[in-house]
Amino acid sequence: MCHDTTGKYKKAGPAAGMPAKDVDLKLVAQNVGHSSRASCGACHFNGGGGDAIKHADLSRQLLEPDRSCDIHMGGYDFTCTECHETRNHKIDGRSSSVPVAEGAVTCQQCHSDEPHYCGSVLDHHLNKHAKTLDCNVCHSPVFAKCKPTKTWWDWSKAGDKNRKPKKDKYGKPDYNKKKGEFLWDESVVPDYAWDSGYMKRVLIGDKVDINADVINITEPVGSINDPGSKIVPFKLMKAIQAIDAETDYVLVPHLFPRDKEDSTAYWKHFDWEKAFQDGMAAVGLEYSGSFRWKETWMYWRLEHEVMPKEMALSCVQCHDSLKGDKTCNRCHQDNRNVDFKKVAHKGTDFSFMKSQGRDVDELINKTDYINFKALGYKGDPILHGGRFKKLPMGYKRQE
């Protein structure tokens with residue numbers, strides 16, 4: 001799959017990655033070459049069973065993106081391996097959903113820990129921000145701007161043979177008999193959370209709190225009080241899934257028919273009980289015979305769809321306290337030679353994005369973009385101080 005240049009290779013649905021029977025393996029073997037966005041994307045664009053379903057920042061749009069969609073792939077024609085380097089067939093890169101040992105890929109590997117060095121008066125402040133903010137907080141202010149992504153997936157609604165799917169405003173279906181009810185969204189503000197680089201994951205066989213309002217299948221490990229944690233943007237994949245009412249396991253259903261004689265696959269018989277019995281037996285776990293539908297969340301870290309630097313968030317878009325300022329003298333001596341509006345106000349142009357068809361009406365003129373209080377601050381750090389620093393002596397706090 002990784003080295004196919006024909007576009008003819010494909011996987012068999014229920015065969016755990018093995019090639020489909022009608023693939024001409026000789027033809028594929030005679031036409032191997034370097035990996036490409038197409039060969040990588042054949043799997044990774046389709047996480048969750050289709051294009052841009054779970055991975056909000058990965059879709060077929062990245063095969064030929066424009067630079068505003070993704071500056072690396074659209075502006076500089078990067079292949080995936082420019083960042084995801086491979087050693088002995090071990091590929092660097094780490095999904096939020098599953099732990100791997102190959103290693104993470106970070107912006108700092110190319111751009112350093114002090115990535116702002118263009119000579120601007122802002123360089124010092126932006127490099128200080130880089131110690132607390134993940135690069136994509138500012139440089140990927142919205143996700144799924146190249147193509148809508150699924151944000152809600154209700155499995156409990158599956159199996160309704162009489163329900164007709166309807167198209168939403170993005171042209172996406174709201175229902176599938178096999179999979180349930182959906183919501184889609186595009187150009188979405190991420191959910192921001194403190195992340196130390198570690199993820200807490202519910203794996204097969206882990207027990208969950210069935211009485212919790214929401215069960216986190218994945219969630220970042222981090223804290224405002226941890227110097228090693230940064231503010232990181234995530235897509236929240238929200239769903240309704242089945243939990244065993246007695247064992248507290250997240251249930252694994254058997255979905256895809258193994259063959260024509262398959263008597264338990266949900267996508268053939270639409271019987272959850274048979275699907276759960278078979279699926280749990282396949283992973284060696286008990287199924288009690290009773291279950292409850294519960295809301296689950298998965299945090300998917302956003303890594304791609306990086307916008308050009310001129311489209312990064314501005315100071316004012318995050319710091320509402322600067323909105324009325326005309327000079328830098330809140331913190332510095334007044335210098336009328338500095339164009340404060342250009343320095344602090346010029347950022348992500350949501351009006352331009354709207355003119356290009358993006359669904360960003362509510363983001364035009366938005367401030368407090370990342371919601372400081374939700375991250376544990378008392379409010380705007382310019383007024384209340386950062387997480388480890390007090391306000392300068394003599395500074396009058398504005399309430």
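Ranked highest first by the average count of other Cβ atoms within 10 Å around their residues, in what order do 309-315, 181-187 fall?
181-187, 309-315
Percent relative contact order of the range 64-215, based on C-alpha pairs within less than 8 angstrom and at least six residues apart?
Value for the range 64-215: 15 percent.
With contacts defined as alpha carbon pairs under 8 Å and 6 or more residues apart, what's the relative contact order of the range 1-145 in percent?
13
If you average 1/r over all unlike Cα pairs in the range 176-250 and invert the result, what Kirkwood radius do you get in angstrom?
For the range 176-250, inverting the mean 1/r across all distinct Cα pairs yields 14.8 Å.
With +1 on each Lys and Arg Cβ and -1 on each Asp and Glu Cβ, how big is the dipole of the chain about its Cα centre, in debye rounded to the nearest 20?
660
Would you mind giving the three semi-axes, in whole Å and largest first, of the ellipsoid equivalent to the chain according to its Cα gyration tensor?
Each semi-axis is √(5λ); the values are 42, 26, 20 Å.
Would you mind putting 250-258, 197-205, 24-32 in packing order, based on average other-beta-carbon counts within 10 Å, highest first?
Put in order of decreasing packing, that is 250-258, 197-205, 24-32.
Say we join alpha carbon atoms closer than 10 Å with springs in a Gaussian network model of the chain; which of Asp123, Asp359, Asp259 then has the biggest fluctuation?
Among Asp123, Asp359, Asp259, the largest mean-square fluctuation in the Gaussian network model of the chain belongs to Asp259.
For the chain, find the longest principal axis of its Cα atoms and tell me its angle to the long axis of helix 272-282, 0 to 90°, nearest 10.
For helix 272-282, the angle is close to 90 degrees.
Out of every Cα-Cα pair in the range 1-50, what percent are more than 18 Å apart?
For the range 1-50, the share of Cα pairs beyond 18 Å comes to 28 percent.
Taking the mean number of other Cβ atoms within 10 Å as a proxy for protection, how do you rank 158-165, 54-61 from highest to lowest?
Averaged packing, sorted descending, gives the order 54-61, 158-165.
If each DSSP helix of 4+ residues adds -39,500 (n - 2.57) and the sum is divided by the residues in the chain, what number results at 222 nm, nearest 500 deg cm²/dmol?
Taking each H run of at least 4 residues, the total per residue is -3000 deg cm²/dmol.
Exceeding 26 Å between C-alpha atoms, which entries from my cross-link table qualify? They are Lys200/Lys294; Lys147/Lys354; Lys21/Lys274.
Beyond 26 Å between Cα atoms: Lys21/Lys274.
Quick note: the coordinates plus some simple rules give every number you see, no bench work behind them. All values reported here derive from a predicted model rather than from experimental measurement. Note that each Cβ is placed from the backbone with ideal geometry, even for glycine, and that neighbours are counted across all protein chains shown.
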